[in-house]
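The next block holds one structure in the form of C-alpha cells; read it before the comments.
The values are calculated or read from the model by the stated rules, or taken from the named source; none is laboratory data. Bear in mind that the values here come from a model prediction, so they are computed numbers and not experimental data. Cβ: placed from backbone, ideal geometry, glycine included. Neighbour counts: every protein chain shown.
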Amino acid sequence: MKPLSRTVGAVPPSGIRRFFDVAAQMEDCISLGVGEPDFVTPWHIREAAIWAIEKGFTTYTSNYGLFTLRQRISAHLKRRYGVEYSPEDEMLITIGVSEGLDIAMRALLNPGDEVIFFEPSYVSYPPCVMFAGGTPVPVPTDYRQGFQPDVDRLRDAITPRTKAILLCYPNNPTGTVASHEVLKEIVRLAVEHDLYLVSDEIYDRLVYDVEHTCVASLPGARERTILLGGFSKSYAMTGWRIGYACAPAQIIEMMIKVHQYTMLCAPIAAQKAAEEALEHGEAEVERMRREYDRRRRLIVERLNEIGLECLPPQGAFYVFPSIRCTGLRSEDFTEQLLWEERVAVVPGNVFGSSGEGHVRLSYATSLPRIEEALHRIERFVRKRRG
C-alpha cells in the first residue's frame, strides 16, 4: 500500500482525549479533564429545537446559515462590543468554533505560511495550521507574568513568512484574559506587518472581575480579523455544534468555499436553538457564570492551600496550577493521580512546552465533585512531599 498523508501522520492524537477516554472506563473516577459544562442546555433552548422539528424545520439552510440567526449574532456583537458585521456577507454559521478555526486556516494559508500563537495554547491550534499547509510558530508566555502575551517576544517571532497571529482570550488552558492595552499593541503589530488576526473568543461571556475585549473592536483590527465565537461554553450547548465566523466579505467568501464542500450547512434545528439562546438566554448565561465564579474561587484557594501554586484565572473555566513542588513532570503527575486517586486532569505539556510543570483542571463540574477531587489531590500531593 502507498503511504498515507505525512502531514496527518506527523500530528499526535489529542492529549486531552487520551486521559478522558481512560477516565471514562474507570469506576469512581472524577474527571476534571474535558472542558464541557456540567449544566444541561437550558430548557427553553431545547424546547425551541423541539418546536422547530415539530414544525418541519428539517431541511438544509443556506451555506451561510439561517439569515435570522446571523441577524441576531450581528445585533449581539454590536450591542456587547460595538463591532458591526453584515449578516448578508460577513458572517458564516459553522459546526462549532472548531470548524471555524479549520476553515479560517485553509482560507488564509499557502504552503509554508507561518501562524504565530501564544503558548500554552489549545491543542487544536498547531494541527489546524499544519492541516492547512502552514507552519505553527509558538511563542511562550510566563507563569510569573500571569501568562499574559509578551508583545516583545511576538515581535521577535515575526518573519517574512508570517501570515497571521492566532489569539485565544479568555485562554484555554490558563484562564488568562489578555489586557486591553496588550491586545491593542498586538493589533498595532499586525497592522505594521500587514498580518491577519484570528481571534478565538468562545469564552467571551465567561469572565470574572474583568471586561472582555473583542479584538475586532480595536482600532485597525476589523479589516484583518476573523472573529470566531459560538454557543458551546456560555450556553451549555457543546453537543449542538453551533459556532460562527465573522470577517470582511472577501475572507468569508473564501471560507464558505471550504464550508460548502465539506459541511454544507449547520443543522437547522440547532440553529433555531441558537436563535432562542440569543433572544432569551441572558439570565441563564449569568446564572452559570456566577456558579463558575463560585467554583473558581474555591478551587484556587484549595489548590494554593495544598501547595500547588495557582493564579486566579480571569476567564473560561480552567485553572492551571504549578505542580513543581511534587518533583514530577506533568505527564507523570497526571498518570499517577489518575491511577492512584482516580482523578483525571490534563498534563500541561499537551498545550505546548511552556505548559510543562503545570496541569489543567476544569471547574465545569459540580461543587461536591470538585471538593472530593481536591481532597484526593491533597492526599496525593502529601505522599509526594513527605
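Here are a few things to note about the model shown:
- Condition met for residue 269 (assigned to a helix (DSSP H, G or I), closer than 28 Å to residue 85 by Cα and free of Cβ contacts under 8 Å to residues at least 60 places away in the same chain): no
- When each of 247, 277, 316 is tested for being small (Gly, Ala, Ser), touching a helix residue (DSSP H, G or I) at 6+ places or on another chain (Cβ under 6 Å) and either surrounded by fewer than 20 Cβ atoms within 10 Å (Cβ to Cβ) or in contact (Cβ under 8 Å) with a residue 12 or more places away in the chain (or both), the lone residue that passes is 277.
- Only a single item in (1) more than 11 Å from residue 234 (Cβ to Cβ); (2) surrounded by 18 or more Cβ atoms within 10 Å (Cβ to Cβ); (3) among the acidic types (Asp, Glu) is not met by residue 284, and it is number (1).
- Count of residues meeting criterion [farther than 19 Å from residue 252 by Cβ, assigned to a loop (DSSP other than H, G, I, E, B) and of a type in the set (A, V, I, L, M)] in the range 82-121: 0
- Criterion applied to 134, 100 was being free of Cβ contacts under 8 Å to residues at least 40 places away in the same chain, out of contact with any helix residue (DSSP H, G or I) (no Cβ under 6 Å at 6 or more places or on another chain) and under 25 Å from residue 191 (Cβ atoms), and the one residue passing it is 134.
- Every residue from the range 229-244 that is assigned to a loop (DSSP other than H, G, I, E, B), crowded, with 21+ Cβ neighbours inside 10 Å, in contact (Cβ under 8 Å) with a residue 60 or more places away in the chain and in contact with a helix residue (DSSP H, G or I) (Cβ under 8 Å, 6 or more places away or on another chain): 232, 235, 236, 237, 242
- Filtered residues of the range 114-137 (kept if under 23 Å from residue 310 (Cβ atoms) and of a type outside the set (S, T, N, Q)): 118, 119, 120, 122, 123
- Residue 179 outside the structural domain of residue 295 (by TED's automatic domain parsing), free of Cβ contacts under 8 Å to residues at least 60 places away in the same chain, among the polar types (S, T, N, Q) and crowded, with 19+ Cβ neighbours inside 10 Å: no
- In the range 182-200, the residues that are in the same structural domain as residue 161 (by TED's automatic domain parsing) and of a type in the set (Gly, Ala, Ser) reach residues that are surrounded by fewer than 24 Cβ atoms within 10 Å (Cβ to Cβ) and part of a loop (DSSP other than H, G, I, E, B) with C-beta atoms within less than 9 angstrom, at least six apart or across chains, in these pairs: 190/220; 190/221; 199/214; 199/221.
- Top-ranked residue in the range 202-228 [being buried (at least 22 other Cβ atoms within 10 Å of the Cβ) and within 13 Å of the chain's Cα centre (by Cα); ranked as nearest to residue 246 (Cα to Cα)]: 227
- Among the residues here, residue 354 does not qualify as polar (S, T, N, Q) and either at positive phi or at pLDDT 95 or above (or both).
- Unmet criterion (only one of (1) within 20 Å of residue 366 (Cα to Cα); (2) buried (at least 20 other Cβ atoms within 10 Å of the Cβ)) for residue 69: (1)
- Scanning the range 348-362 for residues that are in contact with a Lys or Arg (Cβ under 8 Å, 6 or more places away or on another chain), buried (at least 24 other Cβ atoms within 10 Å of the Cβ) and either closer than 22 Å to residue 382 by Cα or among the small types (Gly, Ala, Ser) (or both) gives a single hit, 348.
- Options 216, 236; residue that is in contact with a Ser or Thr (Cβ under 6 Å, 6 or more places away or on another chain) and either within 23 Å of residue 276 (Cα to Cα) or outside the structural domain of residue 49 (by TED's automatic domain parsing) (or both): 236
- Where a residue in the range 151-163 is hydrophobic (A, V, I, L, M, F, W, C) and its partner, wherever it lies, is in a loop (DSSP other than H, G, I, E, B) and buried (at least 18 other Cβ atoms within 10 Å of the Cβ), with Cβ under 9 Å and at least six apart: 158/195
- Checked against the criterion of being assigned to a loop (DSSP other than H, G, I, E, B) and under 30 Å from residue 321 (Cβ atoms), the candidates 159, 176 yield just one match: 176.
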